[in-house]
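Participant: Submitted below is the structure of interest, expressed as structure tokens.
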Amino acid sequence: MPDDIARIAALAAAGTSPGTATWPDESTATLKAQLAAAHAELAMVRAERDAVLHSTIWRATRPLRRLGEALPAQARGGVRRLLRAGYRMAMLPFGRTMADWQAARLGVPSPQAYDRWVREHDTLTAAGRDAIRAHIAALPHRPLISVVMPAYETDEAELRAAIASVQGQLYPHWELCVADDASPTGTVARVLAETAAGDKRIKFVRRAANGNIAAATNTALALASGEFVALMDHDDLLAEQALYEIAAEVNAHPDTAMMYSDEDRIDAAGRRFQPYFKPDWSLDLMLGQNFFCHLGVYRRSLLEQIGGLREGVVDGSQDYDLALRAAAACGPQRIRHIPAMLYHWRLSAKPVSYSQTQLQRCVDAARRAIADHLADAGVVDAAVLPAPGNAEWTRVRWPLPPVPPRVSVIVPTRDHADLLARVTEGVLQRTDYPDIELLIADNDSRDPAALALLTQLEADPRVRVLPCPGAFNYSAINNAAVRAASGEVVVLLNNDIDPIDAGWLRELVSHAIRPDVGAVGAKLLFGDGRIQHAGVVLGVGAPMIAGHFGHGADQHTSGYCGQLVMTRDVSAVTGACLALRKSVFEAAGGLDADNLPVSFNDVDLCLRLREGGLRVVWTPHALLYHLESASRGPDTVPAHIARASREAAYMRLRWGEVLDSDPFYNPHFDRIDHKFRLSAPARRAQRWQSA
């Protein structure tokens with residue numbers, strides 16, 4: 001049971017906000033509903049635990065478990081299989097499986113949870129279809145959408161199903177443009193001829209010679225006359241509201257040039273699985289994995305501007321290359337994410353589709369596309385490498401200039417010589433960076449050991465001790481230290497931080513000097529190796545201000561779709577380890593010392609940077625320990641509660657709407673915490689329900 005749920009309980013019971021003012025009734029009702037959901041989930045978990053611990057099977061297997069602990073490692077596999085079988089039997093009354101348990105452990109929706117979500121929240125009713133049709137009729141602009149499909153030796157049933165999913169669209173203003181890439185048998189041509197004869201919106205051409213996917217897609221694209229182009233594989237399925245969602249997005253945001261939706265997979269039996277509920281556009285995440293992919297939609301004029309797909313250059317990752325080139329041409333402001341499950345990617349039964357050789361060719365092509373994108377953007381000497389933990393993903397190691405900029409590392413402190421000794425030794429002796437200035441902002445240290453250490457540290461020419469007397473005000477202390485800093489880049493660093501990787505500062509600086517990046521955060525671990533911080537997610541937990549991605553997870557866990565191991569855009573990062581250019585800090589006005597002296601000042605700063613058009617980036621490749629406010633104590637100390645409540649109330653007042661819609665945390669996830677749990681019902685109101 002997370003501590004924040006306990007705080008929600010107290011707030012809901014009192015009907016008050018974390019500050020001193022009473023929240024509106026609807027906010028209290030929301031908290032109470034969230035509390036009820038949390039209690040229900042807790043009751044289910046406890047019931048399952050008790051069912052296991054008190055089951056006959058659990059008691060009967062106790063000797064087997066003890067035996068397994070005593071066996072050599074190579075003999076434990078059989079014991080584990082028996083224990084898993086016992087768990088499955090114990091869970092039968094609850095309908096839970098080992099797959100569900102494993103999914104929960106990894107932080108992803110379980111198969112059972114997704115089945116339930118699809119059934120309850122992603123299955124259209126007759127009334128829903130009628131509402132969509134009414135909304136379509138009311139749209140002021142109903143663009144023609146060209147669905148472009150290359151086809152080659154497609155299974156007949158799968159091809160017919162793909163075409164039928166287009167014909168079954170609720171939005172009627174479409175055309176299907178298909179290129180048969182010289183399939184050796186006549187099946188594809190026959191199916192296309194039959195369907196086109198019965199539906200004049202279907203166009204097709206048979207290529208004289210096989211040209212692979214890029215060439216075939218360009219051939220199909222030449223048939224298109226629509227304002228927008230939706231790319232579709234020859235054996236996949238569109239949700240029946242897919243093209244409607246595209247048209248509605250265009251009406252809501254007329255300047256849109258690119259769109260993408262959430263996606264899942266579908267098996268031969270029609271069961272949907274492996275959903276990817278995506279974030280909004282993130283360039284850095286896109287450089288690590290092609291999350292744009294399906295359903296990818298482009299303004300046709302943009303495709304014509306960039307010359308369509310490149311043929312014979314990046315075969316196997318031609319869609320990845322196209323998305324990167326198109327994004328560079330139109331700019332991030334014209335890229336829209338539609339948070340709806342509009343595309344069902346068929347899991348093919350053909351083993352050749354998943355051969356390791358072909359997969360590696362696709363990965364190699366993807367990295368060529370990424371390298372070309374960086375070169376076109378003028379980024380010289382970036383390294384495009386396999387991402388740790390998943391060889392299919394990519395890590396871009398951004399370059400530093402030949403003479404790296406000076407970095408001013410700012411460490412506020414008061415007493416706690418043991419912590420200060422560790423962080424300063426880590427910065428000065430275990431950090432691989434050529435030009436460091438260490439500014440220690442001393443907030444009235446009195447401990448003799450701390451005073452002696454400060455005197456000792458001042459003997460190092462790289463170190464300056466700045467007296468910062470008075471009541472503890474984290475924002476004011478850091479603001480003063482930044483004013484005194486001589487570095488082009490400043491790093492705010494808590495005194496309870498301990499670097500793990502010698503290259504942590506190089507990694508942070510390599511991002512901080514990018515012109516479009518405002519702030520950069522690191523991957524922070526608790527002392528026991530669990531994750532403390534992997535970026536900040538807005539509007540979760542109590543008091544619904546912000547929480548940390550990955551909090552409490554194993555450091556080696558990939559997280560939901562790679563969120564814990566991929567460099568990516570986030571809304572904010574913690575000030576416990578935050579790097580940014582000094583000029584950026586000063587232009588933003590620094591930390592808010594008046595309204596946020598202790599808490600949320602880092603989140604507020606990051607949101608102001610994003611408001612000004614800069615991005616906030618989190619990287620897993622800067623790794624440090626964080627003991628989490630060891631020197632000042634947690635905000636649960638009674639003396640701190642009133643102050644923390646005032647700061648939370650200010651954040652709600654200043655950033656309320658922003659906090660409720662984190663662009664990098666899909667709106668279909670519950671906001672009771674940061675665990676990527678599917679919400680019930682989904683937070684995103686359907687367009688046709690609010691039209």
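The values are calculated or read from the model by the stated rules, or taken from the named source; none is laboratory data. All values reported here derive from a predicted model rather than from experimental measurement. Note that we place each Cβ from the backbone using ideal geometry, even for glycine, and neighbour counts take in every protein chain shown.
Participant: Here is a list of conditions, (1) in a loop (DSSP other than H, G, I, E, B); (2) buried (at least 24 other Cβ atoms within 10 Å of the Cβ), and VAL537 meets all of them except one; can you say which number that is?
Facilitator: So the condition that VAL537 fails would be (1).
Participant: Within the range 546-562, can you find the residues that are surrounded by 24 or more Cβ atoms within 10 Å (Cβ to Cβ) and either over 23 Å from ILE672 (Cα atoms) or of a type in the set (A, V, I, L, M, F, W, C) (or both)?
Facilitator: Scanning the range 546-562 gives ALA546, PHE549.
Participant: Only residues in the range 519-539 that are without any contact (Cβ under 8 Å) to a residue 60 or more places away in the chain count as the first member; pair them with residues that are surrounded by 24 or more Cβ atoms within 10 Å (Cβ to Cβ), Cβ under 6 angstrom, at least 6 apart or cross-chain, and list the lot.
Facilitator: Hits for this filter: ILE531/GLY550.
Participant: Count, please, the residues in the range 400-419 that happen to be in a loop (DSSP other than H, G, I, E, B) and either among the charged types (D, E, K, R) or touching a strand residue (DSSP E or B) at 6+ places or on another chain (Cβ under 8 Å) (or both).
Facilitator: Count: 4.
Participant: Follow-up. When the residues of the range 138-157 are filtered to those that are among the hydrophobic types (A, V, I, L, M, F, W, C) and over 30 Å from the mean Cα position of the chain (by Cα), which remaining residue is surrounded by the most Cβ atoms within 10 Å (Cβ to Cβ)?
Facilitator: Applying the filter and picking the extreme gives ALA151.
Participant: Okay, moving on. Is it true that some residue in the range 620-629 is within 17 Å of the chain's Cα centre (by Cα), within 28 Å of THR424 (Cα to Cα) and at pLDDT 90 or above?
Facilitator: yes
Participant: Out of everything in the range 211-228 that is surrounded by 14 or more Cβ atoms within 10 Å (Cβ to Cβ) and not aliphatic (A, V, I, L, M), what residue ends up being nearest to PRO150 (Cα to Cα)?
Facilitator: Looking at residues that are surrounded by 14 or more Cβ atoms within 10 Å (Cβ to Cβ) and not aliphatic (A, V, I, L, M), I get THR217.
Participant: A further question on this structure: Are there any pairs with C-beta distances below 7 angstrom linking a residue in the range 566-588 that is farther than 10 Å from THR619 by Cα and touching a residue at least 60 places away in the same chain (Cβ under 8 Å) to a residue that is assigned to a loop (DSSP other than H, G, I, E, B) and aliphatic (A, V, I, L, M), with the two at least 6 apart or on different chains, and if so which?
Facilitator: Matching pairs, first to second residue: ARG581/ILE513; LYS582/ALA485; VAL584/LEU614.
Participant: Are there any strands (runs of 3 or more DSSP E) wholly within the range 254-338 with 2 or more residues that are surrounded by fewer than 17 Cβ atoms within 10 Å (Cβ to Cβ), in the same structural domain as ASP236 (by TED's automatic domain parsing) and not acidic (Asp, Glu), and if so which?
Facilitator: Passing ranges, in order: 272-276.
Participant: Looking at (1) without any contact (Cβ under 8 Å) to a residue 24 or more places away in the chain; (2) crowded, with 22+ Cβ neighbours inside 10 Å; (3) not small (Gly, Ala, Ser), find the lone condition where LEU192 falls short.
Facilitator: (1) is the only condition that LEU192 fails.
Participant: Please work out if SER282 is at pLDDT 95 or above and either more than 23 Å from TYR171 (Cβ to Cβ) or out of contact with any strand residue (DSSP E or B) (no Cβ under 7 Å at 6 or more places or on another chain) (or both).
Facilitator: Against the criterion (at pLDDT 95 or above and either more than 23 Å from TYR171 (Cβ to Cβ) or out of contact with any strand residue (DSSP E or B) (no Cβ under 7 Å at 6 or more places or on another chain) (or both)), SER282 qualifies.
Participant: Something else about it: Just to check your reading of the model, which residue among ARG206, ARG160 is under 28 Å from ALA269 (Cα atoms), surrounded by fewer than 24 Cβ atoms within 10 Å (Cβ to Cβ), of a type in the set (Lys, Arg) and in the same structural domain as CYS293 (by TED's automatic domain parsing)?
Facilitator: Sole residue among the options that is under 28 Å from ALA269 (Cα atoms), surrounded by fewer than 24 Cβ atoms within 10 Å (Cβ to Cβ), of a type in the set (Lys, Arg) and in the same structural domain as CYS293 (by TED's automatic domain parsing): ARG160.
Participant: Another question, if that's okay. Could you say whether any residue in the range 201-214 is closer than 27 Å to ASP315 by Cβ, under 30 Å from the mean Cα position of the chain (by Cα), modelled with pLDDT under 95 and in a helix (DSSP H, G or I)?
Facilitator: Scanning the range 201-214, I find at least one residue that is closer than 27 Å to ASP315 by Cβ, under 30 Å from the mean Cα position of the chain (by Cα), modelled with pLDDT under 95 and in a helix (DSSP H, G or I), so the answer is yes.
Participant: Sticking with this one: So for the range 444-466 (the condition being touching a residue at least 60 places away in the same chain (Cβ under 8 Å), among the β-branched types (Val, Ile, Thr) and in contact with a strand residue (DSSP E or B) (Cβ under 9 Å, 6 or more places away or on another chain)), does at least one residue qualify?
Facilitator: Checking the range 444-466: not a single residue is touching a residue at least 60 places away in the same chain (Cβ under 8 Å), among the β-branched types (Val, Ile, Thr) and in contact with a strand residue (DSSP E or B) (Cβ under 9 Å, 6 or more places away or on another chain).
Participant: Restricting the search to the range 647-658, which residues are in contact with a strand residue (DSSP E or B) (Cβ under 9 Å, 6 or more places away or on another chain) and either basic (Lys, Arg) or closer than 15 Å to ASN601 by Cβ (or both)?
Facilitator: MET651, TRP655
Participant: Is there a residue in the range 499-507 that is modelled with pLDDT of 95 or more, closer than 27 Å to SER661 by Cα and outside any loop (DSSP other than H, G, I, E, B)?
Facilitator: There is no residue in the range 499-507 that is modelled with pLDDT of 95 or more, closer than 27 Å to SER661 by Cα and outside any loop (DSSP other than H, G, I, E, B).
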